[in-house]
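Worksheet for the structure shown next.
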Amino acid sequence: MAETATTTTITNNDDTNNNTNLVNKTPTHTIIESNNVNNEEDNINNNNVNENTTPPVGSPIRAIRALQNNEVTISKDPFETESEDILYAKCKASIEESNIDNLAIIEAENFEVETFWQEIDQKVVEIINNNEQNKLLKVNVDGIDLAHFKPRLSCRENVFTINISNAGIEAIDSSDIEPNWFRSLVLIGSPLSTKFVCTNLNMLLYLDISFSDISLKNFDTSGLTKLRMLNLEGCSLTTLSIDGDGDDGESRRSHFLTYLINLETLNLSDNEFEEEDCINDLSILSLSSITNHNNNNTNNRNRVFIELDLRENDIVSNIGSKNYKKLIEETLFPSKQLKMLDGKKINSDVTTNIKSLSDVKGISKALQSEDTVMDNNEFRESCSCLEGNPCVYKYNCKDWTNREAIAKAVRKTKGMSEVFVTGGV
């Protein structure tokens, strides 16, 4: 019998960054009907219910059918008509809260811990019942002592982005999260070291767990096959290896990076990587690893990994900048696939024409100005959030939207007081 050839297709669309206008496309949410309960029960009793129709959110039929079938029901994906490139652009826009007009933010700072998820659901229902189904929904909360991550049905069916920073969530298990349509999740400053199982987060495109206590051994990424951006900044990681695993096929199959077949961006800055061995497992994301290990079915990537950030790690100073660059560009990623390294664009085309100074727009006016950097106190050396104080200027900040949450997490990690100067322009 002839063997069937298998082709692995690697796709990347460079149009993602050009989706500024596309992020305002409106999703179609599940509409919450206010049908009379008695009429619905009559329809059920008279067998007038279509077995193949998904009942609307809040419908008693939904609950009854779930009990009959002993299963959890969930509506149709409200975002399924949009491409993943557009949805990914919306993830970044919703988190940054910029370049997006139809964002509806549920601020949950004042919600009670005991009824937190119930109150979130009520807000979601209120927004949609007010004929605001075209809104992109985001849950935003900082500093709540939330023990569990257990979103309820309306939240799981309609919310696009969840941002819960500096919460007390110590573990997330597959039993905690029922089926959902979340596309982006931010859990900055969370003590997640006990367990983080992402089985039911299979629609996520963007995950930020920076400044959290994450254990890679207990980090189950098997459900994150669609994920395109992972932020592990400031997680006190010393190595990417798990239990000193080697380069054998079994180790690669179980490695947390192996499941991330659509990952494009990985932020590992401000960790504790000191030597080459600490990051050697990044080769799992390399195009060459597909060829080298394809016979063992250890890596079948759908997208090209293109952006890596390892700033604020000792590895550069320990091995030297030249050896570091050689390690990244020749040893780990010899196929020249990386486009961004440590916040800088990698220019593989040495023949690219460079503009002369006179060609730069506005350069003449700038040279004639008597203003100086000191005149406006415009310091650009670093992001002060990483020192425990929120940045004052947006252009200098690594994550302007979450600057206070990051600063708070840093101060907590370093044992500093929680009092800091805030503000910004």
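Derivation of every value follows stated rules applied to the coordinates shown; laboratory data play no part. In this text, all values refer to a predicted model and were calculated from it rather than measured experimentally. Counting neighbours? That spans all protein chains shown, and the Cβs are built from the backbone with ideal geometry, glycine included.
Among the listed pairs Lys90/Lys394; Lys226/Lys336; Lys138/Lys398; Lys138/Lys326, those with a Cα-Cα distance over 31 Å are Lys138/Lys326. Counting other Cβ atoms within 10 Å as a rough exposure proxy, the listed residues Ser283, Ser321, Ser210 run Ser321, Ser283, Ser210 from fewest neighbours to most. For segment 316-345, the list of trypsin sites (Lys or Arg not before Pro) that fall in a loop by DSSP and count at most 13 other C-beta atoms within 10 angstrom reads Lys336.
Distance from the Cα centroid of segment 165-207 to that of segment 72-150 is 15 Å (rounded to whole angstrom). Each of Leu327, Leu257 has some number of other Cβ atoms within 10 Å of its Cβ, and from fewest to most they run Leu327, Leu257.
Averaging sequence separations of C-alpha pairs under 8 Å and six or more residues apart, then dividing by the length of segment 79-345, give the relative contact order as a whole percent. Intermediate values should be presented prior to the final figure.
Values: 558 pairs, mean separation 30.1, N = 267.
It comes to 11 percent, rounded to a whole number.
For the pair Lys345 and Glu97, the difference between a 0.36 nm per residue extended length and the Cα-Cα distance amounts to 86.8 nm.
What is the order of Val304, Val186, fewest Cβ neighbours within 10 Å to most?
On the way: Val304 18, Val186 26.
By the 10 Å Cβ count, ascending: Val304, Val186.
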